[in-house]
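Visitor: Pasting a structure here, questions to come.
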Amino acid sequence: MSDPALASRLAALPRRLVLGCDVAVAVGPRARLLGLAWLPRERAGAGLLIPRCASVHTFGMRFPIAVVFLDASERALAIHRRVPPRRLLALRGARAVLEIPVAQGGEFAPPSP
């Protein structure tokens, strides 16, 4: 069942459970480029998994996000908890990136690897 508050561009994407979060998977170039940019926090859902990715940007973001770099087994390699807009992040060796909107208090904490 889809979330009616979820942005249509995210609702159309496949979903996967990663680190306990049910997130959309960026499967095309548009989804990979845009990520969660330009969306209001309430339309971003639980987040976005970007496979085959070792770097992300937060240009166009309207809220802080947690950025989790993942290995090939989807285990966390590095976690950046409150990344503000207009930043670039990269981690050599990462195989995917999980972008998760940070709640008001910034309490995001994925399960330990």
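Visitor: Are any residues in segment 38-53 part of a strand (DSSP E or B) and crowded, with 18+ Cβ neighbours inside 10 Å, and if so, which ones?
Guide: Once the filter is applied, which keeps residues that are part of a strand (DSSP E or B) and crowded, with 18+ Cβ neighbours inside 10 Å, segment 38-53 yields L48, L49, I50.
Visitor: Count, please, the residues in segment 21-56 that happen to be under 24 Å from R92 (Cβ atoms), in contact (Cβ under 8 Å) with a residue 40 or more places away in the chain and of a type in the set (G, A, S).
Guide: Count: 4.
Visitor: Of all residues being crowded, with 18+ Cβ neighbours inside 10 Å and out of contact with any helix residue (DSSP H, G or I) (no Cβ under 7 Å at 6 or more places or on another chain) in segment 4-20, which is farthest from L36 (Cα to Cα)? Just the residue, please.
Guide: L19
Visitor: Could you check segment 63-87 and list, in sequence order, the residues that are in contact with a Ser or Thr (Cβ under 7 Å, 6 or more places away or on another chain), among the aliphatic types (A, V, I, L, M) and either closer than 19 Å to A31 by Cα or modelled with pLDDT under 95 (or both)?
Guide: I65
Visitor: Let me ask something else about it. Going through segment 54-75 one residue at a time, which ones are of a type outside the set (D, E, K, R) and either more than 12 Å from E99 (Cα to Cα) or part of a loop (DSSP other than H, G, I, E, B) (or both)?
Guide: Answer for segment 54-75, where residues must be of a type outside the set (D, E, K, R) and either more than 12 Å from E99 (Cα to Cα) or part of a loop (DSSP other than H, G, I, E, B) (or both): A54, T58, F59, G60, M61, F63, P64, A72, S73.
The values are calculated or read from the model by the stated rules, or taken from the named source; none is laboratory data. The shown structure was predicted, so the numbers you read here are calculated from the model rather than taken from an experiment. Here the Cβ is made from the backbone with ideal geometry for all residues, glycine too, and neighbour counts use every protein chain on show.
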